[in-house]
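Before any comments, here is the structure.
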Amino acid sequence: MKRACLGIVLAALLLLTVGGCGVVKSLGKNPDGEELTRLDSLPNYKNGAFINLAELSDSTVKRKFLFLSRRPETIRPSHALPWIKTDLNSLAAPAPTIVWFGHSSLLIKSEQFNMLIDPVFSNHAGPVPGLITAFPGTKHYHADDMPQIDALIISHDHYDHLDYRTLKKLKDRIKMAIVPMGVGADLVYWGFDPKKIIELNWNQSITLSGGIRITATPAQHRSNRTYKNENKTLWASYVFQIGSYRLFYSGDSGYGPHFKQIGQQFGPFDLAFLECGQYSPNWPWTHLWLGQPAQAAADLHARLLQPIHWAKFIEANQPWNEPIKRLVPAAKELGVELNVPRIGEPYTLGSPLKQVAWWNFE
């Protein structure tokens, strides 16, 4: 109850700040002017907003205020999550090596290329500190730990994927930012050089140095950094071609036929990073249901599944480790292999899988 009251107070303070001062830099900036005119010509932009491939609506959902609902006692872990401190500058392997930092933040290193995806190192997910705080054990990696970044990848503009404070610290170490259509407006507003930003629509690709090919693919989600403006920027999943390896990153996405379509067009995949957690009946089609990542991996023809979007923030009323507990049997039933490293623990494609059940505590 105390935590719920604190959330209400903080939310009220945020509203007062936004209303009184007029500007909170972390809120970002939606496209306008010529940028907005450019969006108007896109096939997936209708009536001033981006749309999903399927006509979906939450209009029939009886919403609950999550902070007023009774939450399970195990919604936060009872003690710090296990983690490993890795020198990210010294990692070297002939195959792509992945380091997960909790939730959806990933570093993918190949021999001469560093790719950072949806980095959130400010230990909270919201416009101001204190609204959604990170779990103990997930706070040991910071912007200063990152190597030089050849490509920053952003999946969409929600605070748990696009973090103002993290990007301000990383800005001068990022050679190129690749984002969905419209998200570049946030980065320019925060001081990024427009010449170093590439915006992609679904099924558009860019080839970078070393032959790294990045393709934005559809996802079933939504976007907004304020409640006033929804879907003014695009959300995306990504296909990464790194030498002979193919990887898929889901971003945030509910289940839909797009997974099979992506699998048919770009698969099979050596590894798929799929969201696992934060499902709620309040948003039944914008996130995978618990256990459903296994089916999405099968649709994608992925040889290996690594769950993301869990083990860092509270964004739904579920025990903190329920997503992985539900995924393990679902993956076994479908014959999908899982890789579940600890936070900060590097995994190189082709090496033995990380399958120690480090999450087995409340």
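The values are calculated or read from the model by the stated rules, or taken from the named source; none is laboratory data. Fair warning: this is a prediction, and the values are worked out from it, not measured in the lab. So basically every Cβ, Gly included, is an ideal-geometry build from the backbone, and we count neighbours across all protein chains shown. Surface accessibility is based on the protein's heavy atoms, side chains included, excluding ligands, DNA and RNA. Shrake-Rupley method; radii C 1.70, N 1.55, O 1.52, S 1.80 Å.
Kindly provide the set of residues from the range 239-286 that are of a type in the set (D, E, K, R) and farther than 15 Å from ILE117 by Cα, ordered by number. Listed by number, the residues that qualify are ARG246, LYS260, ASP270.
How many residues are of a type in the set (Lys, Arg) and assigned to a loop (DSSP other than H, G, I, E, B) when one looks only at the range 83-115? Reasoning before the result, please.
Kept after step one, since they are of a type in the set (Lys, Arg), are these residues of the range 83-115: 85, 109.
The next check asks that each one be assigned to a loop (DSSP other than H, G, I, E, B); those that pass are 85.
Adding up the residues that qualify gives 1.
Every listed requirement among (1) in contact with a Gly (Cβ under 9 Å, 6 or more places away or on another chain); (2) open to solvent by 50 Å² or more (accessible area, probe 1.4 Å) is met by GLU275 save one, (2). Note on the range 163-176: residues that are of a type outside the set (Asp, Glu), open to solvent by less than 10 Å² (accessible area, probe 1.4 Å) and under 15 Å from the mean Cα position of the chain (by Cα) total 2. Within the range 130-149, restricting attention to residues that are farther than 18 Å from PHE313 by Cβ and assigned to a loop (DSSP other than H, G, I, E, B), which residue is most open to solvent (accessible area, probe 1.4 Å)? Checking each candidate, the answer is GLN148. Only residues that are open to solvent by less than 60 Å² (accessible area, probe 1.4 Å) and either out of contact with any helix residue (DSSP H, G or I) (no Cβ under 6 Å at 6 or more places or on another chain) or in a strand (DSSP E or B) (or both) were counted in the range 193-221, giving 18.
Residue pairs whose Cβ atoms lie under 7 Å apart, sitting 6 or more positions apart in sequence or on different chains, and linking a residue in the range 330-351 that is over 14 Å from SER105 (Cα atoms) to a partner that is in a strand (DSSP E or B) and of a type in the set (Phe, Trp, Tyr), are ASN339/TYR347; LEU349/TYR245. Taking the range 5-32 as the range and being at pLDDT 55 or above, assigned to a helix (DSSP H, G or I) and open to solvent by less than 50 Å² (accessible area, probe 1.4 Å) as the test, the residues that pass are SER26, LEU27. Residue pairs whose Cβ atoms lie under 6 Å apart, separated by 6 or more positions or on different chains, with the first residue in the range 271-286 and under 30 Å from GLY243 (Cβ atoms) and the second among the hydroxyl-bearing types (Ser, Thr, Tyr) and in a loop (DSSP other than H, G, I, E, B), are LEU274/SER250; GLU275/SER250.
Scanning the range 24-55 for residues that are in contact with a helix residue (DSSP H, G or I) (Cβ under 8 Å, 6 or more places away or on another chain) and of a type in the set (A, V, I, L, M) yields VAL24, LEU27, LEU53. Can you find a residue in the range 287-295 that is touching a residue at least 24 places away in the same chain (Cβ under 8 Å), over 24 Å from ASP40 (Cα atoms), more than 18 Å from the chain's Cα centre (by Cα) and open to solvent by less than 10 Å² (accessible area, probe 1.4 Å)? No, there is no match, as no residue in the range 287-295 is touching a residue at least 24 places away in the same chain (Cβ under 8 Å), over 24 Å from ASP40 (Cα atoms), more than 18 Å from the chain's Cα centre (by Cα) and open to solvent by less than 10 Å² (accessible area, probe 1.4 Å). The set of residues in the range 240-263 that are farther than 19 Å from HIS103 by Cα and either touching a residue at least 60 places away in the same chain (Cβ under 8 Å) or open to solvent by less than 10 Å² (accessible area, probe 1.4 Å) (or both) comprises PHE240, ILE242, GLY243, TYR245, GLY256, PRO257, HIS258, PHE259, ILE262, GLY263.
Listed by position, the helices (runs of 4 or more DSSP H) inside the range 232-347 whose residues that are within 29 Å of GLN204 (Cβ to Cβ) and of a type in the set (Val, Ile, Thr) number at least 1 are 258-266.
Every condition in (1) crowded, with 19+ Cβ neighbours inside 10 Å; (2) closer than 22 Å to THR97 by Cα; (3) of a type outside the set (A, V, I, L, M); (4) touching a residue at least 40 places away in the same chain (Cβ under 8 Å) holds for PRO307 except the one numbered (4). The residues of the range 60-92 that are surrounded by 15 or more Cβ atoms within 10 Å (Cβ to Cβ) and either among the hydrophobic types (A, V, I, L, M, F, W, C) or at pLDDT 95 or above (or both), listed by number, are LEU66, PHE67, ARG76, PRO77, LEU81, TRP83, THR86, LEU88, LEU91.
State yes or no: is TRP320 in contact with a Pro (Cβ under 6 Å, 6 or more places away or on another chain) and modelled with pLDDT of 95 or more? Criteria met by TRP320.
Is it fair to say THR233 is open to solvent by less than 10 Å² (accessible area, probe 1.4 Å), farther than 15 Å from HIS158 by Cβ and touching a residue at least 40 places away in the same chain (Cβ under 8 Å)? If you could, list the steps in order and put the result at the bottom.
Numbers: open to solvent by less than 10 Å² (accessible area, probe 1.4 Å): yes; farther than 15 Å from HIS158 by Cβ: no; touching a residue at least 40 places away in the same chain (Cβ under 8 Å): yes.
Taking the combined requirement at face value, the residue does not satisfy it.
Report, by residue number, each residue of the range 82-96 that is under 10 Å from PRO346 (Cα atoms) and of a type in the set (Ser, Thr, Tyr). Residue satisfying the conditions is THR86 alone.
Tell me yes or no: at least one residue of the range 182-195 is modelled with pLDDT of 95 or more, within 28 Å of PRO82 (Cβ to Cβ) and within 15 Å of the chain's Cα centre (by Cα). Full working, then the answer.
Quick first cut of the range 182-195, residues modelled with pLDDT of 95 or more only: 182-195.
Still in the running and within 28 Å of PRO82 (Cβ to Cβ): none.
No, the conditions are met nowhere in the range 182-195.
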